[in-house]
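One structure follows; several queries about it will come next.
The values are calculated or read from the model by the stated rules, or taken from the named source; none is laboratory data. Everything numeric here is computed off the predicted structure, so don't read it as measured data. Using ideal geometry, Cβ is built from the backbone for each residue, glycine included, and neighbour counts are taken over all protein chains shown.
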Amino acid sequence: MTNEVMCMPYQFRDPIHGFIEVSDLELKIIDSAPFQRLRNIKQLATTYLVYPGAEHTRFGHSLGVMYLVTEAFTSALDRYKAAHGYDLFDNTRKEWYKQLLRLMAITHDLGHAPFSHGSEALFDGGAEHEDFTRKIICETEISQYIEDIGADFRREHSADESYAITPELLWLIYGENNPELNPNYIMPDFKFLKSFMDSELDCDKMDYLLRDSYYCGVNYGKYDLNRLLSSLTVYVKPNDNIMQLAVERGGIHAFEEFVIARYFMFIQVYFHKTRRYLDNLLIGNISCILPNSQYPDDVHEYLKWDDLTILNKIKEAQGNTPLADEFLNRTVMSCVYETSAHSNRGNDYLLFNLIKKELKEKLGCDILEDTASKLPHKIPTLEEYDAGSGKGIPILVNYMERPSSISSESILLQSLIKPINIRRLYVDKPHAADARRIVSELLKEGDDD
């Protein structure tokens, strides 16, 4: 890892990125109880019950994102300097931004509930895991560790209070809605920093695609990471107060591969029919376990919950609760009908509802309906860029000093604009054969018509 200033005395050996280096003060965050909890938060919820290798956790992912955000930031600034002959930032500001990014990366998943996204439906009042991330970095010992890193940085660089590093600043950059209304928000610099963590080319996606692919034992999520990183640069338009993460023209195909890898991972892994069912079964179990069927709002009580706690509670209910027995015995309903990956037409909905109606009338059994939806990407054109929004940052291609949107340069990305929308029907196994026969007859009738 390229790092000229920060002392990195500790290393973690990672199967995806090799050695990941951290400073002694960053290690305090990693060794803290809230961060160690991530060792017991699976990255992919119940996917380990489908792909046996998918036992990896938010702990390794968080380290991986910290590694990648450092590499990506350094690479983009180096390419900018090579193209323009001068640095984008002075050394103190560059190292400040790098440290801010590393802290955003290492803390970005602290608020995840047990089994990650699998149980977020049980947050109180529409809260999200990011809300608990904010509480954890501001209301636990991690707050002081971040302050210590800030004090050490200012001392090391003889910097004034304008180079403060605080939990509030991290949240302002990464998580706050309408951050530009805050006088401490530096435009366009902080929006540029956020794009490394939350954009169509962020380091969170870069890591989880490779990590999930590796642990699931599939090839769908692989892409050329080194080529993608080496093609990163910065597009700056001072008169319009714009500073954006960009891709050099030679990196277009690496970026296409990155987007396509994510597309296939959603269809083949994240939206796998059995994983989707098991996630629903897990939510039912957790709902029975939690007081009032919701995670506690108090951050210290919330941190007591992880995968092991949930599994132990489910085991305690075994023999007394059918849901617990079904989950622990991996008793799954059979998927008897599944739409295409892009079932967004009116006829698709009519056929789906017809099949559901016929199954209910002829079988008289419980039918579970599931819909898995996701946009393959959210890449706007340059004209659609909203300078006041932290979302949808366009990826630009520097070509003969005239930048354009990568969506206009790539035919492949233009073809991936329809949302993924997979709808499924499940029945209990004893009814599966009859259900499939009914579905087959209805589909045959449709073909004959």
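Could you check segment 334-384 and list, in sequence order, the residues that are closer than 30 Å to Ala246 by Cβ and of a type in the set (Lys, Arg)?
Those that are closer than 30 Å to Ala246 by Cβ and of a type in the set (Lys, Arg): Lys374, Lys378.
Could you please give the count of residues in segment 227-270 that are modelled with pLDDT under 85 and either under 19 Å from the mean Cα position of the chain (by Cα) or assigned to a strand (DSSP E or B) (or both)?
Count: 2.
Further question: Can you find a residue that is of a type in the set (Ser, Thr, Tyr) and closer than 19 Å to Leu281 by Cβ anywhere in segment 50-65? Spell out the reasoning first.
So the first thing to find is which residues in segment 50-65 are of a type in the set (Ser, Thr, Tyr), and the list is 51, 57, 62.
Within this subset, residues satisfying the condition of being closer than 19 Å to Leu281 by Cβ are 51.
Within segment 50-65 (the criterion being of a type in the set (Ser, Thr, Tyr) and closer than 19 Å to Leu281 by Cβ), the answer is yes, since at least one residue qualifies.
Just give me the residues in segment 101-156 being of a type in the set (S, T, N, Q) and without any contact (Cβ under 8 Å) to a residue 24 or more places away in the chain, in sequence order.
Residue satisfying the conditions is Gln144 alone.
Determine which member of the set Ile142, Ile165, Ile149 is aliphatic (A, V, I, L, M), in a helix (DSSP H, G or I) and farther than 30 Å from Ile289 by Cα.
Values: Ile142 fails: farther than 30 Å from Ile289 by Cα; Ile165 fails: in a helix (DSSP H, G or I).
Among Ile142, Ile165, Ile149, only Ile149 is aliphatic (A, V, I, L, M), in a helix (DSSP H, G or I) and farther than 30 Å from Ile289 by Cα.
Take the conditions closer than 26 Å to Tyr48 by Cα and either in contact (Cβ under 8 Å) with a residue 12 or more places away in the chain or among the polar types (S, T, N, Q) (or both) and apply them to Leu308. Does it pass? Steps first, please.
On the way: closer than 26 Å to Tyr48 by Cα: yes; either in contact (Cβ under 8 Å) with a residue 12 or more places away in the chain or among the polar types (S, T, N, Q) (or both): yes.
The answer is yes for Leu308.
Out of segment 92-140, which residues are hydroxyl-bearing (Ser, Thr, Tyr) and within 16 Å of Phe190 (Cα to Cα)?
Thr92, Tyr97
Also, quick follow-up: Restricting to segment 170-201, count the residues that are hydrophobic (A, V, I, L, M, F, W, C), out of contact with any helix residue (DSSP H, G or I) (no Cβ under 7 Å at 6 or more places or on another chain) and either modelled with pLDDT of 95 or more or assigned to a helix (DSSP H, G or I) (or both).
Of the residues in that region, 2 qualify.
Shifting gears a bit: Hey, does segment 396-407 have a residue that's surrounded by 12 or more Cβ atoms within 10 Å (Cβ to Cβ) and modelled with pLDDT of 80 or more?
No, segment 396-407 has no match at all.
May I pose another question? Taking the residues in segment 313-322 that are in contact (Cβ under 8 Å) with a residue 24 or more places away in the chain and surrounded by fewer than 20 Cβ atoms within 10 Å (Cβ to Cβ) as candidates, determine which candidate is nearest to the chain's Cα centre (by Cα).
It comes out as Lys313.
Okay, moving on. Which pairs do you get when a residue that is closer than 21 Å to Leu323 by Cβ and touching a residue at least 12 places away in the same chain (Cβ under 8 Å), found in segment 267-279, comes within reach of a residue that is aliphatic (A, V, I, L, M) and in a helix (DSSP H, G or I), reach meaning Cβ atoms under 6 angstrom, with the pair 6+ apart or on two chains?
Between residues of segment 267-279 that are closer than 21 Å to Leu323 by Cβ and touching a residue at least 12 places away in the same chain (Cβ under 8 Å) and residues that are aliphatic (A, V, I, L, M) and in a helix (DSSP H, G or I), the close pairs are Leu278/Leu49; Asp279/Ala45.
On to the next question. Among Pro9, Pro52, which is the only one that is surrounded by fewer than 18 Cβ atoms within 10 Å (Cβ to Cβ) and closer than 20 Å to Gly217 by Cβ?
Pro52
Here's the yes/no breakdown for (1) at pLDDT below 95; (2) within 23 Å of the chain's Cα centre (by Cα); (3) of a type in the set (S, T, N, Q); (4) part of a strand (DSSP E or B):
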site: Ile286; (1), (2), (3), (4): no, yes, no, no
site: Leu311; (1), (2), (3), (4): no, no, no, no
site: Asp348; (1), (2), (3), (4): yes, no, no, no
site: Ile355; (1), (2), (3), (4): no, no, no, no
site: Glu358; (1), (2), (3), (4): no, no, no, no
site: Leu368; (1), (2), (3), (4): no, no, no, yes
site: Lys391; (1), (2), (3), (4): yes, yes, no, no
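Next question. Does Tyr97 qualify as being over 30 Å from Asn280 (Cα atoms) and surrounded by fewer than 17 Cβ atoms within 10 Å (Cβ to Cβ)?
In short, no.
Of everything in segment 96-153, what is at pLDDT below 95 and more than 19 Å from the chain's Cα centre (by Cα)? Give them in sequence order.
Scanning segment 96-153 gives Asp124, Gly125.
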